[in-house]
Ligand SMILES: [Zn+2]
């Protein structure tokens, strides 16, 4: 089995304007560039690098059952900067390559929160 199958990233949903092709990370109905009103969901591979991360020791009420957790900022290879959950391990450093992994965390008001971890070279 090759590494590419071992580390197949989760796909993240973006929205793309049907008229001008502008991509948006948010779930919106109107293109911010040309104001067209047809935005289609597209799947983008969740791969990029770790920009920053922190630990939430006192989670908000809706995540209280999770206990302490980690959130990160990630620069995807398609140029977008996204936030999500982070699963840190010893030795992880800023700038490390990250991939999105399967997650079940959902925000009360929105889509599934992406979860990332550093891509290890095995
Ligand atoms: Zn557009």
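Ranked by the mean number of other Cβ atoms within 10 Å of their residues, highest first, the peptides 35-43, 23-31 come out as 23-31, 35-43. Treating r as the C-beta distance of residue 43 and residue 83 and R0 as 22 Å, the FRET efficiency rounds to 0.70. Using a cutoff of 8 angstrom between alpha carbon atoms and counting only pairs six or more residues apart, the relative contact order for the chain works out to 21 percent.
Across all C-alpha atoms in the chain, the radius of gyration and Dmax reach 15.8, 46 Å.
Within the listed set 95, 21, 67, the residue fluctuating most in the Gaussian network model of the chain (springs between alpha-carbon atoms under 10 angstrom) is 67. Which of these, 83, 13, 103, has the largest mean-square fluctuation under a Gaussian network model of the chain (Cα springs below 10 Å)? Ranking 83, 13, 103 by mean-square fluctuation puts 103 first. Over region 56-99, all Cα pairs binned in 5 Å intervals from 0 give whole-percent P(r) values of 5, 18, 26, 20, 15, 13, 4, listed from short to long. As a calculated quantity, the FRET efficiency between residue 62 and residue 120 at R0 = 41 Å, using C-beta atoms, amounts to about 0.85.
Using a Gaussian network for the chain with springs between C-alpha atoms less than 10 Å apart, which of these wobbles most: 74, 86, 63? So, out of 74, 86, 63, the one fluctuating most is 63.
Laboratory data are not the source of any read-out in this text; all were calculated from the coordinates shown. This one's a predicted model, so the numbers in the text were calculated from it and none came from an experiment. Ideal geometry is used to build each Cβ from the backbone, glycine not excepted, and the neighbour counts take in all protein chains shown.
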